[in-house]
Amino acid sequence: MTALIRRFVECESPSDNPAAVNRFVELVSDTVAPFAAVRTHRGGSFGKHLACAMRLPGRKKSGRVLVLGHSDTVWSLGTLRAMPFRRVDGRLYGPGVYDMKAGIAFFLFAVRALRELDIPVSSHVLLQLNSDEEVGSESSRALTERHAKQSQAVLVLEPGTGRTGKLKTARKGVGGFTVVVRGRASHAGLDYEAGASAVVELAHQITRIAGLSDLDRGITVNPGLISGGTRCNVVAAEASAEIDIRVRRQRDVIALEKKFRALRPIDKRCSIEISGGLNRPPMERSAGTVRLFRTARKLAAELGIDLEESNSGGGSDGNFTAALGVPTLDGLGAVGEGAHAIHENILINRMADRAALLAKLLAAV
Ligand SMILES: [Zn+2]
């Protein structure tokens, strides 16, 4: 398993480099080809999306289980030089090892185990790997939703939560707004009063915007990026901010969007333009997802693992499938830490039970 993970990690696949992602997609295709019917789908300006119909034991199959993952990573090409694949103190390190190349490897070993032990699987199993998950899944979303609608359950190979690898039964919805303020430029010394400062106006707006957070309801609004002005001695004609929003419930989305659209300038000589909205709907903890989790918990207990559930502030492609009402269980991939961070790593002694849990789940749902 370590050897396969190493091959996956050493085949770098940043979202913004379709040729590199396609090399990784080809590597996975070659690995699954002996036991799957492989198809690729065009990803526009991104790499190809991969869909593999797995050939698993069991005669009469009905329904389908969609297994979701992504082939892209946040690490640019050449990261391996500074952050090589390595094995230290019971952990594997390297770009994308945790998010989420190990998860893909676990699934392939689960499939291998089911085949070698001839354990019947009652559903058709489709593995889908998207090439653009780390950058918003714009080109893969429709494919994910189409496959999800034809499935009775979705299993997501994203990493688990925390040191124990809790599964994810809820995820926040993720979106963003851009606020552009336009004022009136003038010389800060010669003609100060003729100016209407977009920077000052934006500063007022930002305190209003930050005030839209409601932690009790699971709503966070983060003005993460600001820019504006041209020079220190000019009253700024333009300023803008980019704001990250997270919501736990779909019904909070409309109210929040309304509040953004209702922002009006304090200095009437300025104007405000708002664009953006929700990118990923929240994955709410539905009854169907809870049932899936209970099944997983029971199966994990058979492996001596006390499996817990968690909710996440981050989004995944599971948000799209859950929002369609399809029971979705996320976080079935690696146990480790440091997603998107230089110390990204996975625990070696949790690789076998995660692969085994996937195999058991495939046989059970
Ligand atoms: Zn991921």
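The values are calculated or read from the model by the stated rules, or taken from the named source; none is laboratory data. Bear in mind the structure is a predicted one, so any value in this text is a computation, not a measurement. Positions of Cβ are generated from backbone atoms using ideal geometry, with glycine treated the same way; all protein chains shown enter the neighbour counts.
Miscellaneous remarks
- Out of ALA355, ALA363, sole residue that is closer than 21 Å to ALA300 by Cβ and either out of contact with any Pro (no Cβ under 8 Å at 6 or more places or on another chain) or buried (at least 22 other Cβ atoms within 10 Å of the Cβ) (or both): ALA355
- Any hit, segment 233-241, residues being under 30 Å from the mean Cα position of the chain (by Cα) and surrounded by fewer than 20 Cβ atoms within 10 Å (Cβ to Cβ): yes
- Failed item, numbered, when ASP30 is tested on (1) exposed (fewer than 15 other Cβ atoms within 10 Å of the Cβ); (2) in contact with a strand residue (DSSP E or B) (Cβ under 8 Å, 6 or more places away or on another chain): (2)
- The residue that is nearest to GLY176 (Cα to Cα), among those in segment 106-143 that are of a type in the set (Val, Ile, Thr) and in contact with a Gly (Cβ under 9 Å, 6 or more places away or on another chain), is VAL121.
- Test: GLU257 is surrounded by 15 or more Cβ atoms within 10 Å (Cβ to Cβ), without any contact (Cβ under 8 Å) to a residue 24 or more places away in the chain and of a type in the set (Asp, Glu): yes
- Some residue of segment 139-151 being touching a residue at least 40 places away in the same chain (Cβ under 8 Å), buried (at least 22 other Cβ atoms within 10 Å of the Cβ) and at positive phi: no
- Verdict on ARG294 being closer than 20 Å to LEU329 by Cβ, within 26 Å of the chain's Cα centre (by Cα) and of a type in the set (Lys, Arg): yes
- Qualifying positions in segment 44-58 - basic (Lys, Arg) and under 24 Å from the mean Cα position of the chain (by Cα): LYS48
- Residues considered: SER316, SER310. Of these, the only one that is in a strand (DSSP E or B), more than 30 Å from ALA196 (Cα to Cα) and of a type in the set (S, T, N, Q) is SER310.
- Counting only strands (runs of 3 or more DSSP E) wholly contained in segment 131-189, the ones carrying 3 or more residues that are within 16 Å of the ligand (Cβ to nearest atom) occupy 153-156, 167-171.
- Hits in segment 208-232 - residues which are buried (at least 16 other Cβ atoms within 10 Å of the Cβ), more than 28 Å from TYR192 (Cβ to Cβ) and touching a helix residue (DSSP H, G or I) at 6+ places or on another chain (Cβ under 7 Å): LEU212, ILE219, VAL221
- A single member of ASN319, ASN345 is over 21 Å from ARG217 (Cα atoms), among the polar types (S, T, N, Q) and at pLDDT 95 or above, and it is ASN345.
- Counting only residues that are more than 16 Å from the ligand (Cβ to nearest atom) and of a type outside the set (Val, Ile, Thr), segment 318-357 holds 14 of them.
- Pairs where the first residue, in segment 229-242, is touching a residue at least 12 places away in the same chain (Cβ under 8 Å) and farther than 10 Å from ARG184 by Cβ and the second is surrounded by fewer than 15 Cβ atoms within 10 Å (Cβ to Cβ) and of a type in the set (A, V, I, L, M, F, W, C), C-beta under 8 Å, 6+ apart: ALA241/LEU225; GLU242/LEU225
- Sole exception among (1) within 16 Å of the ligand (Cβ to nearest atom); (2) surrounded by 16 or more Cβ atoms within 10 Å (Cβ to Cβ); (3) among the small types (Gly, Ala, Ser) for GLY313, by number: (2)
- Breaking point among (1) surrounded by 15 or more Cβ atoms within 10 Å (Cβ to Cβ); (2) touching a residue at least 60 places away in the same chain (Cβ under 8 Å); (3) closer than 23 Å to ARG91 by Cβ, for ALA322: (3)
- Sole exception among (1) out of contact with any Phe, Trp or Tyr (no Cβ under 7 Å at 6 or more places or on another chain); (2) of a type outside the set (Phe, Trp, Tyr); (3) closer than 26 Å to LEU329 by Cβ for VAL67, by number: (1)
- Close pairs from segment 289-314: first under 23 Å from THR220 (Cβ atoms), partner assigned to a helix (DSSP H, G or I), Cβ under 6 Å, at least 6 apart: GLU309/PHE293
- Verdict on PRO265 being within 15 Å of the chain's Cα centre (by Cα) and buried (at least 16 other Cβ atoms within 10 Å of the Cβ): no
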